[in-house]
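Student: Before anything else, here's the structure in question.
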Amino acid sequence: MSTDRYQSPLSDRYASREMQFIFSPDFKFRTWRRLWIALAETEQELGLPITDAQIAELRSHAEDINYEVARERERIVRHDVMSHVYAYGQQCPEAKGIIHLGATSCYVGDNTDVITMREGLKLLRVKILNVMDSLARFADTYKELPTLGFTHFQPAQPVSVGKRACLWLQDFLMDLEDLDEAVRNLKLLGSKGTTGTQASFLELFHGDYDKVDRLDPMIAEKMGFDYCMAVSGQTYSRKQDQRVMNVLAGIAVTASKMATDIRLLQHLKEVEEPFEKGQIGSSAMAYKRNPMRSERICSLARYVISDSLNPALTASSQWMERTLDDSANKRIAVAEAFLAVDGILDLCINVTNGLVVYPKVIRKHLMAELPFMASENIMMDEVEAGGDRQELHEEIRRLSMEAGKRVKEEGEDNDLLERIAASDKFHQDIDELKKNLDPCKYIGASAHQVDRFLEQQIRPLLQANAQDLGMEAEINV
């Protein structure tokens, strides 16, 4: 590791080796060579004078990139694609004359970008499924455990711990649906020529439109795609990058929302992310257990969400059939978004696999607020026994204000039930009133909703992708 120059934290600290390989020079330039082979094969099949020996020579050097030759050539010609055409030709002297025949730089550049994004999305898909699997098991385990609900981070009607986890799970399901849709819609550029007219191929095939029409579908099939773009300029529409980036930003949004909830719950000491035996929470405060993994999720997510503007701005500023102000931007923006989301999902797998729940703390917080929430049931019982609803409502409102003042200003426990029992407007003793404090009475259909959601939407999906489950994520720092 070099210590005298900048190293991206996305490589050193956050992204997996698998995602780093997908965006590596090896993957990129081997894909270039696969594309050149596919082009040569297709041109031969369509009748151009390309020999089996030339194609065999190209195949024999598909993997062993002679980087130093390409780098030295690029110093002279200042063109990366032509440098690699030259380097490949040095290894394949019989075939060098037909490498890149009729193509432009975007044939290898753009098609490789699409292939790279597809491979990146496939890896992210597996990781989303593993997060969903962890959350599904967590939701099922805690579907009946009552906990305070919060609106505006103020105590609200109880939910269950598992029901809340389903909110996170459903968002990841939406991301998975968006990701699958993006993969289905990814299209190669194909081989369109300098301005997208395929003029060079029409010349090569002596004006045979049928052969020109067959060129792109044949290349797409060889590269594992169903389609190429029907029309293009020199490049594929940069809206395709924007579509993919919107998926990545959506994953970041979901992960950040979940991680934020976990950070708040860890503050309440109700739910915690994993904390390793030797982990240090603070350099000064030895007792601290900071939610650093969830904080890192939020931090990386913030980067991805802001980065998602880059492809939108790039797509909106392309001139006519091509301009080169996309190149440097998309090399950074797209690659780093994938690396960051990869790191985010590794953290999500790690956190959701090790969430710690503290039922006694959850119950303590719930019971401190439950008398306020039980007051509606208490009032209705009294109305059923002949009381006046308006009078009872006013009495509960007054007693609740007094009890709330005691809690907030005096730091004492909530004594609303004792106040109701002492009121001449009510006719229930304290033991009868306490019967209304069973938390399970107040979580509505939470457990049922969890069961239905898991059974109808999540388990069938996980079972269909069982071969991808069981992943463990390594957290470097």
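Student: Hey, can you grab everything whose amide H is under 5 Å from the amide H of Thr147? Only 5+ residues off in sequence or another chain; H modelled, so Pro and N-termini drop out.
Tutor: Val159, Ser160, Val161
Student: Whole-Hz ³J(HN,Hα) for each residue in the stretch 464-470, computed from phi via Karplus 6.51 cos²θ - 1.76 cosθ + 1.60 with θ = phi - 60°, x for glycine and proline: what do you get?
Tutor: Values, residue by residue: 5, 10, 4, 5, 9, 8, x Hz.
Student: Another question about this same structure. Please state the charge dipole magnitude for the chain, taken about the Cα centre, from unit charges on C-beta atoms (+1 on K and R, -1 on D and E), reported in debye and rounded to the nearest 20.
Tutor: 1040 debye
Student: Which shape class, rounded, prolate or oblate, goes with the stretch 361-442 when its Cα gyration tensor gives a ≥ b ≥ c as root eigenvalues, a/c under 1.5 marks rounded, and past that a/b bigger than b/c marks prolate?
Tutor: In terms of gyration-tensor shape, oblate.
Student: Would you mind calculating the relative contact order of the stretch 9-91 from Cα pairs under 8 angstrom and at least 6 residues apart, reporting the percent as a whole number?
Tutor: In percent, rounded to a whole number, it is 22.
Student: Here is a further query. Per residue of the stretch 85-97, what does 6.51 cos²θ - 1.76 cosθ + 1.60 with θ = phi - 60° give for ³J(HN,Hα)? Whole Hz please, x for Gly and Pro, Karplus curve as stated.
Tutor: 4, 5, 5, 5, x, 5, 7, 10, x, 6, 9, 4, x
Student: Also: What percent does the relative contact order of the chain come to when contacts are Cα pairs within less than 8 Å and at least six residues apart? Can you show the working numbers first?
Tutor: Values: 599 pairs, mean separation 90.9, N = 477.
Dividing the mean separation by the residue count of the chain yields 19 percent.
Student: Distance in nm between label sites at Gln456 and Glu418, each 7 Å beyond Cα in the beta-carbon direction?
Tutor: About 4.6 nm, to one decimal.
Student: Distance between Cα centroids, the stretch 210-243 to the stretch 92-125: provide it in whole Å.
Tutor: About 12 Å separates the Cα centre of the stretch 210-243 from the one of the stretch 92-125.
Student: How far apart, in nm, are two points set 7 Å out from the Cα along the Cα-to-Cβ line at Lys122 and at Asp178?
Tutor: Placing both labels 7 Å along Cα→Cβ, they lie 2.3 nm apart.
Student: Evaluate the charge dipole of the stretch 402-477 about its Cα centre and quote only its size in Debye, nearest 20, assuming +1 on the Cβ of each Lys and Arg and -1 on the Cβ of each Asp and Glu.
Tutor: The dipole magnitude comes to about 360 debye.
Student: Taking the dipole about the Cα centre of the stretch 361-442, with the C-beta of Lys and Arg at +1 and of Asp and Glu at -1, give me whichever of Met401, Cys440, Ile362 is farthest to the positive side.
Tutor: Result: Ile362.
Student: While we're here: Quantify how much of the Cα-Cα distance distribution of the chain extends past 38 Å, in percent.
Tutor: 44 percent
Student: Quick check on packing: order 145-158, 237-250 by the mean number of other C-beta atoms within 10 Å, highest mean leading.
Tutor: Ranking the peptides 145-158, 237-250 by packing returns 237-250, 145-158.
Student: Where does each of Arg398, Arg137 land when they are ranked from fewest to most other beta-carbon atoms within 10 angstrom?
Tutor: Arg398, Arg137
Student: Moving to a separate point now. Report, in debye and to the nearest 20, how large the dipole of the stretch 262-413 comes out about its Cα centre when Lys and Arg carry +1 and Asp and Glu carry -1 on their Cβ.
Tutor: Details: 20 positive and 26 negative charges, 188 e Å.
It works out to roughly 900 debye.
Student: Provide the gained length on full extension for the span Arg389 to His365, in nm with one decimal, where the gain is 0.36 nm per separating residue minus the Cα-Cα distance.
Tutor: 5.7 nm
Student: Next question. Taking R0 as 30 Å, what FRET efficiency do you get between Arg406 and His267 from their Cβ-Cβ distance, rounded to the nearest 0.05?
Tutor: 0.80
Student: Pop a pseudo-label 7 angstrom from the Cα along the beta-carbon direction at both Gln7 and Arg302 and give the gap in nm to one decimal.
Tutor: 2.5 nm
Student: Kindly flag which residue pairs out of Lys143/Lys187; Lys269/Lys434; Lys122/Lys257; Lys28/Lys192; Lys269/Lys330 have an alpha-carbon separation exceeding 32 Å in this structure.
Tutor: As for pairs spanning more than 32 Å Cα to Cα, those are Lys143/Lys187; Lys269/Lys330.
Student: State the volume of the convex hull built on the alpha-carbon positions of the stretch 9-91, expressed per residue in Å³ and rounded to an integer.
Tutor: 117 Å³
Student: Report, in degrees rounded to the nearest 10, the 0 to 90 angle that the Cα long axis of helix 105-141 makes with the longest principal axis of the chain.
Tutor: With both axes taken from Cα atoms, the answer is about 20 degrees.
We did not get these values from a lab; they are worked out from the coordinates using the rules stated. Worth saying up front: this structure is predicted, and the values here are computed from it rather than measured. Positions of Cβ are backbone-derived with ideal geometry, glycine not excepted, and every protein chain shown enters the neighbour counts.
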